[in-house]
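Here is the structure we will look at, set down as structure tokens.
The values are calculated or read from the model by the stated rules, or taken from the named source; none is laboratory data. Just so it is clear, the structure is predicted and the values come from calculations on it, not from any experiment. Virtual Cβ from ideal backbone geometry, glycine too; neighbours counted across all protein chains shown.
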Amino acid sequence: MKRGTLGQRAFCPLMKSALFAAAFALSAAAGETLPLIVWGTLSEDDATAARYVEMKEAGFTHVVQGCNSPEAAKRILGEAEKAGVKLILGMRGLRKLSENVKVFTAACKNSPALEYYSIVDEPHKSHFPLIRKCVSQFDKFDPAHPCFVNVFGALCDRRNRKDKERQMDKTGFETHDKYIRALYDAVPLKVVSFDMYPILSFKPLEDGDFRLHGQRVFLKERWYETLETTSAFAAERKIPMFAFALLSAHRHYPGQDYPVPTMEHFRLQQYSNLAYGAQGLEYFRWYIKEPYHGYNSAPILYDGKRGPMFERVREFNAELQARAYVFVGAKVVSVRHTGIDIPLGTKRFEERIFRRS
């Protein structure tokens, strides 16, 4: 094991803290592959080898996929195997899944394309008993494949006081930390995944490039705080952390939208996730089949053809894999931020922390 450091410069219109540094205990070897996971939003009909090959061409190693029956799951796994991608696979509807675990695992467990069973996305605390029941059954019928639950990131931001009410409404808890601790105390999950898309624009649905639009682009105040608490939680439970970047612009609040992601946006999000120890990087969303919630700019657009985002994310994923040897298997020792102001919930850089002993 050896110790290394990472420095990542953030673009100033997004934050006054211009630099963060992370110290790692490095254990990865050359040739390691970083799991790059895309939420496909593909229907059963669209879940074909050809579509999965497209995802692989864009650099993705894993796809989150839903289906409506065990029979469909078996066919879809066959398509993914042909394409050479792994699936995080679930059946749409938590209650329906809980009633079909035995037949679902029988259809899936022998496929080399299966990586995780997807249980539910962004659960409320009222779902926890049913999640526990599901995970217990999956562990019984297929202990070789772990279960996967993606949770909300922090929904409470100081810019919008009503977000505190939204946090309670969506999760049943006042804070993100209480939320994930309650879930993992109730359910023995083996990975922690959370979504939070930190970059917002004041002008709706325009390209978010800060060089064009200056101070209209900003960061959610509690994003780094959420990375701090989730990274610490994952280390405490000795489980890997997965975290997100956004692929598709869409609406957020009136006058505040998620902008079209640039390479700078990808780098800020995913290198921050890596600095906090992420062992899998996720993206949302791949395919826009019909107009919904203002979604646009995904790699695959309404007509089923590739948009400009396809080449952008392919280039960035290749960049990530070229540096995977630094991050795969690495353990976070410390993360610190510099600047006049540092993000909420983070710690300030002190040179002595990073001096070699």
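Only one entry of Thr171, Thr105 meets the criterion of being at pLDDT 95 or above, in contact with a His (Cβ under 9 Å, 6 or more places away or on another chain) and over 20 Å from Gly90 (Cα atoms), and that entry is Thr171.
Condition check ((1) surrounded by fewer than 20 Cβ atoms within 10 Å (Cβ to Cβ); (2) closer than 24 Å to Gly345 by Cα; (3) among the β-branched types (Val, Ile, Thr); (4) touching a strand residue (DSSP E or B) at 6+ places or on another chain (Cβ under 7 Å)) across all residues:
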position	(1), (2), (3), (4)
Ala234	no, yes, no, yes
Pro240	yes, yes, no, yes
His252	yes, yes, no, yes
Met263	yes, no, no, no
Asn273	no, yes, no, yes
Gly277	no, yes, no, yes
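For segment 55-71, the candidate set comprises residues that are over 17 Å from the mean Cα position of the chain (by Cα) and surrounded by fewer than 23 Cβ atoms within 10 Å (Cβ to Cβ); within that set, the residue that is nearest to Gly93 (Cα to Cα) is Asn68. Against the list (1) surrounded by fewer than 22 Cβ atoms within 10 Å (Cβ to Cβ); (2) under 18 Å from the mean Cα position of the chain (by Cα), the condition Val333 fails is (2). Just need a number here: residues in segment 87-108 that are outside any helix (DSSP H, G or I) and surrounded by fewer than 22 Cβ atoms within 10 Å (Cβ to Cβ). Residues that pass the stated criteria total 4. Pairs are defined by a Cβ separation below 9 Å, a sequence spacing of at least 6 or placement on different chains, a first member in segment 171-183 that is at negative phi, and a second member that is crowded, with 21+ Cβ neighbours inside 10 Å and basic (Lys, Arg); the pairs so defined are His176/Arg222.
Okay, residues lined up against (1) touching a helix residue (DSSP H, G or I) at 6+ places or on another chain (Cβ under 9 Å); (2) at pLDDT 95 or above; (3) of a type in the set (Ser, Thr, Tyr):
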{"site": "Ala245", "(1), (2), (3)": "yes, yes, no"}
{"site": "Tyr276", "(1), (2), (3)": "yes, yes, yes"}
{"site": "Leu281", "(1), (2), (3)": "yes, yes, no"}
{"site": "Gly307", "(1), (2), (3)": "no, no, no"}
{"site": "Ser334", "(1), (2), (3)": "yes, no, yes"}
{"site": "Gly339", "(1), (2), (3)": "no, no, no"}
{"site": "Ile342", "(1), (2), (3)": "yes, no, no"}
{"site": "Gly345", "(1), (2), (3)": "yes, no, no"}
{"site": "Arg355", "(1), (2), (3)": "no, no, no"}
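Taken over segment 114-138, residues that are over 26 Å from Met168 (Cβ atoms) and surrounded by fewer than 17 Cβ atoms within 10 Å (Cβ to Cβ) amount to 1.
Comparison of Arg216, Arg211, Arg285 shows that the only residue that is modelled with pLDDT under 95, among the charged types (D, E, K, R), on the phi < 0 side of the Ramachandran plot and under 16 Å from the mean Cα position of the chain (by Cα) is Arg285.
The rows are residues; the columns are (1) more than 23 Å from Ile199 (Cβ to Cβ); (2) out of contact with any Ser or Thr (no Cβ under 6 Å at 6 or more places or on another chain); (3) in contact (Cβ under 8 Å) with a residue 60 or more places away in the chain.
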| site | (1), (2), (3) |
| --- | --- |
| Asn273 | no, yes, no |
| Asn296 | no, yes, yes |
| Gly304 | yes, yes, no |
| Pro308 | no, yes, no |
| Leu320 | no, yes, yes |
| Gly345 | no, yes, yes |
| Glu351 | yes, yes, no |
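Residues of segment 139-149 that are without any contact (Cβ under 8 Å) to a residue 60 or more places away in the chain and crowded, with 21+ Cβ neighbours inside 10 Å: Cys147, Val149.
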